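Enquirer: Could you have a look at this structure, given as structure tokens, before my questions?
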Amino acid sequence: MLVAGAGADALGPVRSLLNAGAVVRVVGHAPVDSLVDLAERGQIGLERRSPSPVDLGAAHLVVVADPALDEAVRAWCVELGIPLVGSRRSEAPSPVRRQGSVVLVGGGPGNPGLITVAGLAAVRGADVVVTDRLAPLAVLDEAPAHAEVIDVAKIPRGAFTSQERINELLVEHARAGKRVVRLKGGDPFVFGRGGEEWQACVEAGLPVEVIPGVSSALSGPALAGVPLTHRTLTQGFTVVSGHLPPGDPGSTLDWGALARSGTTLVVLMGIATLPAITAELVAQGMTATTPAVTVMEAGLPGQRSVTGTVADIARLGEEAAVRAPAVTVIGQVAGLSLQSPAAPAPPPRDASSASG
Ligand code: SAH
């Protein structure tokens, strides 16, 4: 599938096509950060130039995701007989609003089915959607055709838009009378800096609202068949950020207390620091055979889990090339991988075909 254009309007179609299992090639100038990230992770082909009729000729379907390319690409597709779709639902423009507003929407872990009904309704009513790479990008296809999509991806140790700039964007657009949706991964108030965005809106005197989302802290393990609590195994769970390793001057976590808490430990943003975190937990008294599981890209086609113990999960994850976004669960429940019974066996074939 060829996506013509590499701006933020390409994000929805690219993610939807990937979710459907398509091989996706994006051709366009100045790609947004979330597309660069997908290309660096080997999930899409990305060429930073204008699409040509040759590109189109090699595609089964073309999505035009840049209004500047629309006319030329449309004409080539007609000439070559290749099916073409636009990037969004077209719809009558929304009535002019006098007062702008901001809605912080928790989008869930990445699968478009895991946003809430209220979150989806907000996206459908948006004039501007400010998104980043962990949001369920396929949901952008649901934004009205007139809506502007802005990518403010923050890639670990890579490109990023500063939080101050993100706050400014929300305020600027809402002040211009727009209904702004800040579409975020998981829940906006769980390591999402949603509280800061909320404060920036309040300081600017703008109405702001939050629509909670399904945090990856809960849904990542669940999608991998790991319950965070289980009667007889644990009576609670603790969610921490692993972005700073134990011993870092900026860290405020008591790893000794965590090692002895008896609750399931869920670590977000912890892939780079997992060797240090797990070593510290064991050094602080956690039994080395405590089960652990890392779930990567939960809810997306790239979902994978690696299971081990607190002592070897970091090494096993590295060997399996596990990368962010991933959540690690440490505790007895990580040894429980709930599986659905296998699908019923297909009916037996008759004797003549079985012998062939
Ligand atoms: N507000 C988000 C968390 C943002 S911090 C939430 O509630 O889910 C970003 C971290 O979330 C990532 O480093 C990773 O640890 C986790 N994460 C987000 N999406 C994920 C996914 N689809 N699969 C696994 N982990 C994910």
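Enquirer: Gap in Å between the Cα centre of region 127-179 and the Cα centre of region 244-281?
Expert: Using only Cα atoms, the two centres lie 31 Å from each other.
Enquirer: Farthest toward the dipole's positive end in region 145-271, which of T161, S251, S261, given Cβ charges of +1 (Lys, Arg) and -1 (Asp, Glu) about the Cα centre?
Expert: Selected residue: S261.
Enquirer: Just the Cα atoms of region 1-138: what Rg and Dmax do they give in Å?
Expert: 15.8, 47
Enquirer: Could you size up the charge dipole of region 217-335 around its Cα centre, putting +1 on the beta carbon of Lys and Arg and -1 on that of Asp and Glu, and report it in debye to the nearest 20? Intermediate values should be presented prior to the final figure.
Expert: Numbers: 5 positive and 7 negative charges, 56 e Å.
Here region 217-335 has a charge dipole of around 280 debye.
Enquirer: Once neighbouring chains are kept in place and the probe is 1.4 Å, which whole percent of the accessible area of the chain is contributed by carbon and sulfur? Please report the intermediate quantities before stating the final value.
Expert: Details: 9450 of 16700 Å².
Carbon and sulfur atoms account for 57 percent of the accessible area of the chain.
Enquirer: Something else about it: Between R74 and A118, what is 0.36 nm times their sequence separation minus the Cα-Cα distance? Round to one decimal in nm. Walk me through the intermediate numbers first.
Expert: Numbers: separation 44, 0.36 × 44 = 15.84 nm, distance 3.49 nm.
Gain on extension, R74 to A118, equals 12.3 nm.
Enquirer: R0 = 45 Å: FRET efficiency of R48 with D254, Cβ-based, nearest 0.05?
Expert: Numbers: r = 47 Å, r/R0 = 1.04.
About 0.45, to the nearest 0.05.
Enquirer: So, in nm, how far is label Q235 from label A145 when the simple model puts each one 7 Å beyond its Cα toward the Cβ?
Expert: About 5.9 nm separates the two model spin labels.
Enquirer: If every alpha-carbon in region 154-206 counts as one equal scatterer, what log10 I(q)/I(0) does Debye give at q = 0.27, 0.30, 0.31 1/Å?
Expert: -1.18, -1.30, -1.32
Enquirer: In addition: Taking the Cα centre of the chain as the origin, how large is its charge dipole in debye, to the nearest 20, when only Lys and Arg (+1) and Asp and Glu (-1) carry charge on their Cβ atoms?
Expert: Numbers: 27 positive and 33 negative charges, 101 e Å.
In total the dipole reaches around 480 debye.
Enquirer: Let me know the charge dipole size of region 187-279 about its Cα centre in debye, to the nearest 20, where only the beta-carbon of Lys, Arg (+1) and Asp, Glu (-1) is charged.
Expert: Working: 3 positive and 7 negative charges, 99 e Å.
Dipole about the Cα centre, nearest 20: 480 debye.
Enquirer: Using a 7 Å offset from the Cα along the Cα-to-Cβ direction at both E40 and T287, what is the distance between the two label points in nm, to one decimal?
Expert: Each label point is offset 7 Å from its Cα along the Cβ direction, giving 4.0 nm.
Enquirer: Now a separate question. P(r) of the chain in 20 Å steps, Cα pairs, percent per bin?
Expert: P(r) over the chain, rounded to whole percents: 27, 50, 21, 1.
Enquirer: Let me ask something else about it. Count the DSSP beta bridges whose two residues both fall in the chain, then state the antiparallel fraction as a percent rounded to the nearest 5. Can you show the working numbers first?
Expert: On the way: 16 of 51 bridges.
Roughly 30 percent of the DSSP beta bridges within the chain come out antiparallel.
Enquirer: Here's another thing I want to ask about it. Provide, in order from the shortest bin, the percent of all Cα-Cα pairs of region 217-335 in each 5 Å bin, continuing until the bin that contains the maximum pair distance.
Expert: Cα pair-distance distribution for region 217-335, in percent: 2, 13, 25, 27, 20, 10, 3, 0.
Enquirer: Calculate, for the chain, the solvent-accessible area per residue in square angstrom, rolling a 1.4 angstrom probe over the heavy atoms of the protein chains. Spell out each step's value before the answer.
Expert: Details: 16700 Å² over 356 residues.
Accessible area per residue, the chain: 47 Å².
The values are calculated or read from the model by the stated rules, or taken from the named source; none is laboratory data. Model, not experiment: these values are computed from the prediction. Every residue, glycine as well, gets a Cβ built from its backbone with ideal geometry; the counts of neighbours run over all protein chains shown. Ligands, DNA and RNA are stripped out before the accessible areas are found, and what is left, the full protein with its side chains, is counted by its heavy atoms. Shrake-Rupley method; radii C 1.70, N 1.55, O 1.52, S 1.80 Å.
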